[in-house]
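The block underneath contains the structure these notes are about, expressed in structure tokens.
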Amino acid sequence: MKGSVRHQIVISGVGGQGVLFVTRLLAEAAIDRELPVFTSETHGMAQRGGTVLSHLKVGEFSSPLIRPGRADGLLVLKEENLSQHRIFLKAAGWTVVNTASPGPDALIDNPIDADRLALEMGNSRAVNLIMLGRTVSRVNGFFCTLKDIETVLNRRLTHRTEMLDASLKALRMGQTAS
């Protein structure tokens, strides 16, 4: 299984949404599964809500950047970024997009209104983990499971019980939301 895993994922959002946190959680889950992993990110004017783009490669690769048309998946935390970053997605790639109304866009195969769900939870910063829960639980053949992400969160937030509980709740919200 290890040798056959090859995933290229682009994670897109804006500063403050936790794009890099999601990338780190996924990278740690890959490492826990003893899979090779590369990450790379670009930051726009992140402190002012500028674009943050992260590349995650799991499997045997020789460079961290994903070329246009090669990403297996696109995780979009801010819907407006979809048009800018869909160029990375290969023809048969999957998308998970934070959107209130997906409309007729055929490239959004996993829409979720993570902003609304986070507000309902009373935690507007939970969007990234809601999106991650949706991705890990809905994308067929994903390299890690929800349990793997929970393990990483438990390790990272061991002494921050309140934050851990909120993070696990958000992750599960993404999994179960319709």
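The values are calculated or read from the model by the stated rules, or taken from the named source; none is laboratory data. These numbers come from a predicted model, not from an experiment. Cβ coordinates were reconstructed from backbone atoms using ideal geometry, including for glycine residues, and neighbour counts include every protein chain displayed.
Annotations for the structure displayed:
- Each residue in the range 114-139 was checked for being without any contact (Cβ under 8 Å) to a residue 24 or more places away in the chain and either within 22 Å of His85 (Cα to Cα) or surrounded by 16 or more Cβ atoms within 10 Å (Cβ to Cβ) (or both), and 1 pass.
- For the range 152-166, the count of residues that are more than 20 Å from Val37 (Cβ to Cβ) and touching a residue at least 12 places away in the same chain (Cβ under 8 Å) is nonzero.
- Condition met for Asn81 (at pLDDT below 90, within 17 Å of the chain's Cα centre (by Cα) and of a type outside the set (Asp, Glu)): no
- Residue count for the range 97-148 under the criterion of being assigned to a helix (DSSP H, G or I) and among the aliphatic types (A, V, I, L, M): the result is 13.
- One residue stands out in the range 98-111 among those that are crowded, with 17+ Cβ neighbours inside 10 Å and at pLDDT below 95: the one that is nearest to Gly69 (Cα to Cα), namely Ile108.
- Count - residues of the range 141-160 that are at pLDDT below 95 and of a type in the set (Ser, Thr, Tyr): 1
- For first residues located in the range 11-38 and of a type in the set (Asp, Glu), partners that are assigned to a strand (DSSP E or B) and lie 6+ apart or on another chain with Cβ distances below 9 Å form the pairs Glu28/Val37.
- Filtered residues of the range 50-94 (kept if in a helix (DSSP H, G or I) and either surrounded by 15 or more Cβ atoms within 10 Å (Cβ to Cβ) or in contact with a helix residue (DSSP H, G or I) (Cβ under 9 Å, 6 or more places away or on another chain) (or both)): Glu79, Asn81, Leu82, His85, Arg86, Phe88
- Residue identified as under 18 Å from Gln8 (Cα atoms) and not charged (D, E, K, R) among Leu164, Leu75: Leu75
- Contact annotation: residue pairs with Cβ atoms under 8 Å, 6 or more positions apart or on different chains, pairing a residue in the range 63-78 that is on the phi < 0 side of the Ramachandran plot with a partner that is assigned to a loop (DSSP other than H, G, I, E, B) and aliphatic (A, V, I, L, M), are Gly73/Val139.
- Test: residue in the range 33-49 that is in a loop (DSSP other than H, G, I, E, B), at pLDDT 95 or above, more than 18 Å from Leu132 (Cα to Cα) and out of contact with any Asp or Glu (no Cβ under 8 Å at 6 or more places or on another chain): yes
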